[in-house]
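The values are calculated or read from the model by the stated rules, or taken from the named source; none is laboratory data. For clarity, every value in this text was computed on a predicted model and none was experimentally measured. Glycine also receives a Cβ, built like all others from the backbone with ideal geometry; neighbour counts cover every protein chain displayed.
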Amino acid sequence: MTLHIGFPTALIYYSHFPFWQGYFNRLGVEIVTSPPTTRTILDDGAREAVADACIPIKLYHGHVLTLKDKVDALFIPRMVRINRRATFCPKFLGLPDMVRATLTGLPPIIDLQVDAGRGLLGLWPTCRGLAELLGFSLGTAWPAYREGNKHQRAYEELLRKGYLPLQAMARLRGEAVEAPSRQPGALNLAVLGYPYQVYDDYISLDIIGKLQKMRANIMTMEMLPPRRLFQLSSRLPKRLFWHFSNLVIGATYHYLQQGDIDGIIHVTAFGCGPDAMVDKLMELDVRGISQGKVAYMSLSIDEQTGDAGVTTRLEAFVDMLHQRRENR
Ligand code: SF4
């Protein structure tokens, strides 16, 4: 009988799902994902999660609830490091424990550690542990691991070409999706933030879609190689501890150097500890490095944020940037 493993459409879904899909599919395990976020999923998660959690963590709980009765086990890896350079935020490290402590009636949770910071073989130690746990031989697990890497590489190549994460995943499924093309003369905006915040259209209130409708060209950190972003983040006197925070800072420096960016929008989660620092660093660096030529806006989102308020702020930002261009 085919084993069904639940994979919540939240947090690492937007950065690493293709790897795990390739790996599990090759093993013959079916991955079941949760549906796109709705008000009910968010409300359920917010009700069950610890009160001071950030919105992405609350949302994760909501996605787990949608899967719990449909799968044989839930895959909630303990994300520590995926390279030698930085660790994940402490909430990723404690995620399986948080979910276990707050939700009841769950199927078994597979919470193997992902710590690719020590060896040379990336996620292989986790894949090997998973295979042992699920009763597969190492001879079966190795090609599955390689398949996962192949999927992830193909996904990241699409991101570099300008596909947004959900478009890239659709493309990998064989759907006819085209990356947005850059429009000459349009505003160039970098929309930066943690992928699970920016690309969940419900909690981000589809900020990217709204800006595209306002005819802006959108740049994101996923369009740049992570290695380059980590190099750039070392411009800080001391690199940050957290994986995604370094990517966001690196992307800020990259787009400031690029020279044709009109504005940078930071999408941040209310209650996010790392972002309290990242947001201030970005604001100071955008102001200092661009000497006022690049505008900066921080959009802090929580479960109460309304669509109309965000639309108004984006419209005002875009109008201001058009005005600036005309004045120049
Ligand atoms: S980095 Fe911030 S938004 Fe992400 S999980 Fe940690 S606290 Fe939440």
If I filter segment 93-111 for residues that are surrounded by 17 or more Cβ atoms within 10 Å (Cβ to Cβ) and among the charged types (D, E, K, R), do I get at least one hit?
no
Quick check: is even one residue across segment 250-264 more than 19 Å from the chain's Cα centre (by Cα), closer than 22 Å to P36 by Cα and not aliphatic (A, V, I, L, M)?
no
Kindly list the number of the only condition in (1) assigned by TED's automatic domain parsing to the domain that holds L256; (2) in a loop (DSSP other than H, G, I, E, B) that fails for A176.
(1)
Of the residues I261, I249, which single one is within 30 Å of A46 (Cβ to Cβ) and surrounded by 14 or more Cβ atoms within 10 Å (Cβ to Cβ)?
I249
So V267 passes all but one of these: (1) surrounded by fewer than 15 Cβ atoms within 10 Å (Cβ to Cβ); (2) within 16 Å of the ligand (Cβ to nearest atom); (3) among the hydrophobic types (A, V, I, L, M, F, W, C). Which condition number does it fail?
(1)
Between residues in segment 172-191 that are within 13 Å of K161 (Cβ to Cβ) and residues that are crowded, with 18+ Cβ neighbours inside 10 Å and of a type in the set (D, E, K, R), which pairs lie under 8 Å by C-beta distance while being six or more apart or on different chains?
V177/R171
Selection status of I301, of a type in the set (A, V, I, L, M, F, W, C), out of contact with any Gly (no Cβ under 6 Å at 6 or more places or on another chain), surrounded by fewer than 16 Cβ atoms within 10 Å (Cβ to Cβ) and at pLDDT below 95
no
For residues that are surrounded by fewer than 16 Cβ atoms within 10 Å (Cβ to Cβ) and touching a residue at least 12 places away in the same chain (Cβ under 8 Å), scanning just segment 157-169, find the one that is farthest from L112 (Cα to Cα).
K161
Here is a check on your reading of the model: is P165 touching a Ser or Thr at 6+ places or on another chain (Cβ under 9 Å), at pLDDT 95 or above and over 15 Å from Y23 (Cα atoms)?
yes
Within segment 270-289, of all residues that are small (G, A, S) and assigned to a helix (DSSP H, G or I), the one surrounded by the most Cβ atoms within 10 Å (Cβ to Cβ) is G273
Condition set surrounded by 14 or more Cβ atoms within 10 Å (Cβ to Cβ) and either polar (S, T, N, Q) or not assigned by TED's automatic domain parsing to the domain that holds C272 (or both), scope segment 304-323, selection nearest to D275 (Cα to Cα): answer is T305
Would you check if there is a residue in segment 249-258 being farther than 22 Å from Y13 by Cβ, within 11 Å of the ligand (Cβ to nearest atom), in contact (Cβ under 8 Å) with a residue 24 or more places away in the chain and out of contact with any strand residue (DSSP E or B) (no Cβ under 9 Å at 6 or more places or on another chain)?
no
Considering only residues that are in a loop (DSSP other than H, G, I, E, B), touching a Phe, Trp or Tyr at 6+ places or on another chain (Cβ under 8 Å) and crowded, with 20+ Cβ neighbours inside 10 Å, which ones fall in segment 179-203?
Y194, Y199, D200
Only residues that are within 16 Å of the ligand (Cβ to nearest atom) and surrounded by fewer than 16 Cβ atoms within 10 Å (Cβ to Cβ): list them for segment 204-246, please.
F241
Pairs where the first residue, in segment 135-152, is assigned by TED's automatic domain parsing to the domain that holds Y23 and assigned to a helix (DSSP H, G or I) and the second is crowded, with 17+ Cβ neighbours inside 10 Å and of a type in the set (D, E, K, R), C-beta under 7 Å, 6+ apart
L138/R128; A141/R128; P143/R26; A144/R26; E147/R26
I'm told Y155 meets every condition in (1) away from the ligand (no atom under 16 Å from the Cβ); (2) touching a Pro at 6+ places or on another chain (Cβ under 9 Å); (3) closer than 18 Å to T9 by Cβ; (4) not in a helix (DSSP H, G or I) except one. Can you identify the failing condition by its number?
(4)
